[in-house]
Structures are given as C-alpha cells and as structure tokens.
Ligand SMILES: C[S@@+](CC[C@H](N)C(=O)[O-])C[C@H]1O[C@@H](n2cnc3c(N)ncnc32)[C@H](O)[C@@H]1O
C-alpha cells in the first residue's frame with residue numbers, strides 16, 4: 001500500500017502552474033460525466049441519498065460536482081493520498097462534512113454509516129478491488145461503481161497498456177468482471193449504464209486543428225458504434241461503465 005500511496009501523493013503534488021491548471025480542468029471535465037452518471041443511476045432506482053461518501057475522492061472534483069447537483073445534503077470523502085485530500089478539503093465544497101486521508105483499506109466509518117458510497121475510477125487502481133468494494137458495501141447500503149472497461153481490443157495495444165500503467169491502472173475490467181465483483185460483495189446490480197464519452201473528453205489533450213479533427217472523428221465513430229451495438233462496442237474500445245448496486249430488492253435495470 002505504501003508504494004501506491006507514494007504514487008498518488010506524487011500525482012497530486014503539483015498544485016501551481018499551467019500543468020496543475022490543466023489537470024484540474026481535466027478532472028473537472030471528467031467529473032461532469034461522472035456526476036451525471038451517479039445522478040442518472042440514483043434517479044433510475046429512485047434513490048435520494050441523505051449521506052454520500054466518495055471513497056478515493058482525489059482532489060474533490062466529483063464531490064464538487066455531486067454537491068453542485070444537490071445529490072445529497074451531506075457528503076464525505078476518503079482518500080489514500082494525503083495531498084489529494086488536502087486539495088479536496090481546501091475547496092470548501094458546500095455540504096461536505098469531512099474529507100480524510102486513510103490507510104486505503106479500512107474506511108474510518110461505522111457499518112451502514114451512509115446511504116450511498118461512490119467508487120469512481122478507483123477499483124482499476126487497486127490490487128485488491130474486492131476488498132475495497134467490500135468496504136464500500138460495509139459502510140453504505142448502496143454503492144455506485146464506475147470504471148473504464150479496458151478489456152478490449154483497442155486498450156490491449158502495447159501503447160495503450162503503457163499509458164494505463166503510467167496513470168496507475170493495475171486492473172483491466174470488462175462488464176462481467178464488475179458483475180462478479182459486485183456479486184462477491186453480496187450486492188446486486190440494480191441499474192447500469194455505459195458511456196463512450198463526449199468530444200470534449202476525446203479532444204482534451206489534442207493540440208492543433210488536425211489533432212482536434214481526429215478527436216472529433218474518433219468521438220463520432222465510437223458513439224455511432226456504441227449506439228448500434230453497445231455490448232459489442234465494449235469489446236472494441238474503452239467506454240466508461242457505471243452501476244448502482246444494493247443488497248436489497250432490485251428496483252430497475254437497463
Ligand atoms: C483516477 S483517481 C479518481 C478520483 C475520483 N474518484 C474521480 O473519479 O474523479 C483515483 C483515485 O483513487 C485513489 N486511490 C487509490 N487507491 C485507493 C484506495 N485503496 N483507497 C482510496 N483511494 C484510493 C487515488 O489516490 C486517486 O485519487
């Protein structure tokens with residue numbers, strides 16, 4: 001765990017300058033889709049949480065988005081990286097009660113302390129995703145999991161695997177693997193969605209007109225393929241997948 005912590009402490013240590021600004025805008029852009037996914041899944045199962053915890057809340061971008069959306073009146077965050085937790089705390093997000101760094105294993109909260117736990121783009125970063133999901137299920141009655149589905153042909157290319165490793169991915173999930181993890185935690189998927197991501201996401205790091213045009217084509221082709229055959233698309237390229245799981249009665253599915 002200490003190697004992991006050092007990696008994520010370094011990842012959030014850049015707090016000033018153009019690159020820090022750019023990464024902040026990248027995280028805020030990602031948080032818009034992620035927040036929309038959490039809100040959509042909650043709406044589908046008619047869950048109106050009072051208390052939400054984000055486990056692996058990073059710099060607080062998604063907490064800020066959930067707060068702005070009025071997802072819940074009380075929000076907490078736990079993070080492996082101390083510097084990330086510090087940045088998140090410094091944002092003074094309305095509705096946020098506590099943001100703490102923790103050991104990455106045992107969340108410092110009582111069983112059932114929350115209506116909803118959010119694990120957004122965290123499970124692909126951990127060696128023991130089942131244990132972390134089990135912790136989320138211990139502290140909350142419902143859990144939203146979001147991951148990139150990277151067990152696909154495009155993401156298997158060496159250059160893509162190198163990039164995934166550079167940003168800390170150690171798991172490469174498909175939808176079935178997430179279903180198995182959810183079932184292993186004693187939960188059931190009540191609602192799920194996938195997202196091929198908007199042009200703004202694909203174009204974010206594109207520099208120059210030609211690169212932006214390529215990003216536009218990529219976004220359009222992927223969206224068309226995903227619309228035509230969403231499950232087949234998951235085997236070809238990376239989409240973001242999110243599900244809401246509970247231990248109770250299934251409310252809806254998609
Ligand atoms: C890609 S970021 C996602 C941040 C945020 N959840 C989001 O979706 O924008 C992954 C985060 O998971 C954190 N992390 C990694 N292992 C963790 C663990 N065992 N417990 C909590 N957070 C962890 C990292 O420090 C990093 O902030």
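Exactly one condition in (1) within 13 Å of the ligand (Cβ to nearest atom); (2) part of a helix (DSSP H, G or I) is not met by residue 89; state its number.
For residue 89, the exception is condition (1).
Being within 14 Å of the ligand (Cβ to nearest atom), free of Cβ contacts under 8 Å to residues at least 12 places away in the same chain and out of contact with any helix residue (DSSP H, G or I) (no Cβ under 6 Å at 6 or more places or on another chain) is the filter here, so list the residues in the stretch 1-24 that pass it.
Within the stretch 1-24, 2, 3, 6, 10, 23 qualify.
For residue 176, work out the one condition from (1) surrounded by 12 or more Cβ atoms within 10 Å (Cβ to Cβ); (2) within 30 Å of residue 115 (Cα to Cα); (3) free of Cβ contacts under 8 Å to residues at least 24 places away in the same chain it doesn't fulfil.
Here residue 176 meets the rest and fails (1).
Specify the residue that is farthest from the ligand (Cβ to nearest atom); the eligible residues are those in the stretch 40-70 that are under 13 Å from the mean Cα position of the chain (by Cα) and part of a helix (DSSP H, G or I).
66
Looking at residue 103 and the list (1) more than 11 Å from the ligand (Cβ to nearest atom); (2) assigned to a loop (DSSP other than H, G, I, E, B), which single condition is not satisfied?
(1)
I need the helices (runs of 4 or more DSSP H) fully contained in the stretch 121-206, keeping only those with at least 2 residues that are touching a helix residue (DSSP H, G or I) at 6+ places or on another chain (Cβ under 8 Å) and within 30 Å of residue 19 (Cα to Cα).
So the answer is 199-203.
Which condition number in (1) assigned to a loop (DSSP other than H, G, I, E, B); (2) at pLDDT 95 or above is the one that residue 16 fails?
Going through the list (1) assigned to a loop (DSSP other than H, G, I, E, B); (2) at pLDDT 95 or above, residue 16 breaks only (2).
The values are calculated or read from the model by the stated rules, or taken from the named source; none is laboratory data. If you're wondering where the values come from, they're calculated on a predicted model, not measured in any experiment. Using ideal geometry, Cβ is built from the backbone for each residue, glycine included, and neighbour counts are taken over all protein chains shown.
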